[in-house]
Amino acid sequence: MKKTLLGLLMFVLIIGLIGCANMSGSKSADSPGPSVVMGTPEVPLDKKAEAVIMGKGFQPGQEVYILVTDANGIQSDIEYALKPIPKADAAGEWTTTWSCGRYVRKKLVKEGSHVLTVVSTNYEPLATTEVTFYKK
């Protein structure tokens with residue numbers, strides 16, 4: 001009797017966990033969700049430096065912000081330095097160019113990798129990528 005009750009309890013727990021996982025908003029294999037890649041993954045530490053950033057899998061018309069984690073571990077919005085402002089087209093894709101020379105001049109980015117985080121207009125994280133700065 002105890003084995004049957006224990007087996008039934010385990011079955012109910014497993015089914016409950018599977019049901020919760022499916023309701024948690026996880027993406028199916030058919031819709032992997034937003035992603036972002038660097039068109040320019042390596043950028044020279046130059047006062048006129050620029051980096052191309054591309055996103056796909058976003059909602060058509062969705063506007064996003066991009067945050068950089070600087071050398072001090074502080075995230076800041078780089079919208080002012082992006083042309084054009086990232087907004088997904090009908091296919092859910094966007095491309096922008098980051099004029100990152102100001103961050104180089106102010107030594108906010110240093111040699112090495114830095115994380116870029118793409119967020120919604122409510123600052124919910126959507127995707128991340130890395131950019132590497134190197135000395136010329």
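The values are calculated or read from the model by the stated rules, or taken from the named source; none is laboratory data. Here the structure is a predicted model, which is why all the values come from computation and not from measurement. With ideal geometry, Cβ positions are generated from the backbone for all residues, glycine too; neighbour counts draw on all protein chains shown.
Where residues in segment 41-78 are of a type in the set (A, V, I, L, M, F, W, C) and assigned to a loop (DSSP other than H, G, I, E, B), which of them is surrounded by the fewest Cβ atoms within 10 Å (Cβ to Cβ)?
The extreme case among them is ILE74.
Which condition breaks for LEU116 when tested against (1) in contact with a Phe, Trp or Tyr (Cβ under 9 Å, 6 or more places away or on another chain); (2) surrounded by fewer than 15 Cβ atoms within 10 Å (Cβ to Cβ); (3) not polar (S, T, N, Q)?
(2)
What single numbered condition from (1) at pLDDT below 95; (2) farther than 27 Å from ARG102 by Cα fails to hold for THR40?
(2)
Go through segment 91-133 and count every residue that is of a type outside the set (D, E, K, R), out of contact with any Pro (no Cβ under 6 Å at 6 or more places or on another chain) and farther than 18 Å from GLY61 by Cα.
Total meeting the criteria: 19.
What are the residue pairs meeting all of these: first residue in segment 76-100, first residue farther than 16 Å from SER35 by Cα, second residue of a type in the set (Lys, Arg), Cβ atoms under 6 Å, and 6 or more apart or on different chains?
Filtered contacts from segment 76-100: THR97/LYS83.
What are the residues in segment 120-136 that are in contact (Cβ under 8 Å) with a residue 24 or more places away in the chain, of a type in the set (D, E, K, R) and either within 17 Å of ILE85 (Cα to Cα) or part of a loop (DSSP other than H, G, I, E, B) (or both), if any?
LYS135, LYS136
For segment 79-107, what are the residues that are out of contact with any helix residue (DSSP H, G or I) (no Cβ under 8 Å at 6 or more places or on another chain), within 14 Å of LEU67 (Cβ to Cβ) and part of a loop (DSSP other than H, G, I, E, B)?
Result: PRO86, single match.
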